[in-house]
Amino acid sequence: MKTITSVDHHIQRAIICQLSLAKEKRFSELKPNDLESNVFDYHLKQLLAARMIRKTESGAYELDMLGLTFIDGLSSENKLQRKQPKVICILALQNETGDWLLAKRLQQPYIGTWMFPSGKQHFGESFEEHAPRELAEKLGLKAMPLEHRGFVDIRIAQADTLITHAVGHVFYARISEKLLTIPDDDRFEYSWHSLSEDVVVTLMAGTKELHDLLIHNNSFVSSINCSL
C-alpha cells in the first residue's frame with residue numbers, strides 16, 4: 001500500500017496545506033502573488049504526477065488519495081509531522097519446558113538487551129494479519145495458532161527524555177523448538193530463556209513487566225512505564 005511520508009519542497013508543502021483547508025481551490029487562489037506562474041505550475045505538475053493532488057472537472061485542484069494520506073499524518077495545528085507511538089505486535093512464545101523465546105537486540109536503541117520478538121504494524125494491515133506475518137518473517141512459522149492475550153502501552157524514558165513509546169497487541173503460543181527456522185537477521189539473535197528470578201541475561205526495559213503480566217493474567221490491558 002503506497003504512502004507518502006514527506007514533501008520536501010516548501011512550495012509543494014504550501015499547496016498541500018492550502019488544499020487541506022478547502023474542498024478545492026483554483027490556480028489563482030493557490031499561487032502566491034510574488035511567485036512566477038511557470039515556477040508554481042512546475043510544482044503543481046510535480047504534485048499531480050505524484051498523485052498528491054488532482055484536477056477536478058471544474059478545473060480546480062483538490063487533494064488526491066496520497067495527499068489525503070499525507071495530511072492525515074500531520075498536526076492539525078501547525079501542519080508539521082508529529083511523532084506518534086509505534087504500533088507493534090509482541091510474540092510471547094514458550095517451548096515444551098516453559099522457556100521463553102527472546103530476541104537479543106544487535107542495534108540501538110537498547111543494543112545488547114533481550115526482549116520478546118516484536119515488529120511494527122504495516123500501514124493498512126489489520127492486527128489479525130500482523131502477528132502471523134511477523135511470525136513467518138522472523139521465525140519461519142506459518143499457520144501457527146496464536147492466542148491474543150492482551151494489549152500494552154509501553155513507555156521507556158531516560159532522565160526527562162522519552163525514548164520509546166509503543167502500543168501493542170500481545171500474542172501467545174506454545175511451540176516446539178524444532179519448528180523454528182529463523183532466517184539470518186543482522187538485527188536480532190534468538191535463544192530460549194527461563195525468565196526465572198535468577199535470569200542472567202540483560203532484559204530490555206519492560207520485558208520483565210510484560211512477562212509478569214503473562215504469568216499472572218489470562219487477559220490484560222496495561223501500561224508499562226520504565227526509566228533507564
key: Long-range neighbours under 9 Å by Cβ, at least six apart or interchain, first residue touching a residue at least 24 places away in the same chain (Cβ under 8 Å) and small (G, A, S) within the stretch 69-93, second assigned to a loop (DSSP other than H, G, I, E, B) and loosely packed, with under 14 Cβ neighbours inside 10 Å   = G73/T3; G73/T5; G73/R82; G73/Q84
task = Hey, can you tell me all the residues within the stretch 36-50 that are surrounded by 14 or more Cβ atoms within 10 Å (Cβ to Cβ) and part of a loop (DSSP other than H, G, I, E, B)?
result = A50
note = Among the residues of the stretch 63-82, the number that are surrounded by 16 or more Cβ atoms within 10 Å (Cβ to Cβ) and either in contact with a Leu (Cβ under 8 Å, 6 or more places away or on another chain) or farther than 16 Å from S6 by Cβ (or both) is 5
ask   = Looking at (1) of a type in the set (V, I, T); (2) at pLDDT below 95; (3) in a strand (DSSP E or B), can you tell me which one T181 breaks?
value = (3)
key: Selection within the stretch 158-176 - under 21 Å from the mean Cα position of the chain (by Cα) and crowded, with 16+ Cβ neighbours inside 10 Å   = T164, A166, V167, G168, H169, V170, F171, Y172
key: Residue under evaluation L195, criteria (1) in a helix (DSSP H, G or I); (2) modelled with pLDDT under 90; (3) under 18 Å from M115 (Cα atoms); (4) not acidic (D, E), criterion not met   = (1)
request  = Can you work out which of the residues in the stretch 51-60 that are assigned to a loop (DSSP other than H, G, I, E, B) and in contact (Cβ under 8 Å) with a residue 24 or more places away in the chain is nearest to the chain's Cα centre (by Cα)?
outcome  = M52
note = Matching residues in the stretch 61-100 (within 16 Å of the chain's Cα centre (by Cα) and either of a type in the set (V, I, T) or in a helix (DSSP H, G or I) (or both)) number 6
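Answer with yes or no whether R82 is more than 30 Å from A157 (Cβ to Cβ) and either basic (K, R) or assigned by TED's automatic domain parsing to the domain that holds I215 (or both).
no
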key: Residues within the stretch 203-228 that are crowded, with 17+ Cβ neighbours inside 10 Å and touching an Asp or Glu at 6+ places or on another chain (Cβ under 6 Å), tallied   = 1
query = Can R155 be described as assigned to a strand (DSSP E or B), surrounded by 14 or more Cβ atoms within 10 Å (Cβ to Cβ), within 18 Å of the chain's Cα centre (by Cα) and among the basic types (K, R)?
reply = yes
note = Apart from one, (1) under 30 Å from L66 (Cα atoms); (2) at pLDDT below 90 all hold for A166; the odd one out is (2)
query = For the stretch 101-116, what are the residues that are surrounded by 20 or more Cβ atoms within 10 Å (Cβ to Cβ) and under 17 Å from the mean Cα position of the chain (by Cα)?
reply = F116
The listed residue being under 15 Å from A103 (Cα atoms) and within 25 Å of the chain's Cα centre (by Cα), out of D212, D185 = D185
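The values are calculated or read from the model by the stated rules, or taken from the named source; none is laboratory data. None of the values given here were measured: they were computed from a predicted structure. With ideal geometry, Cβ positions are generated from the backbone for all residues, glycine too; neighbour counts draw on all protein chains shown.
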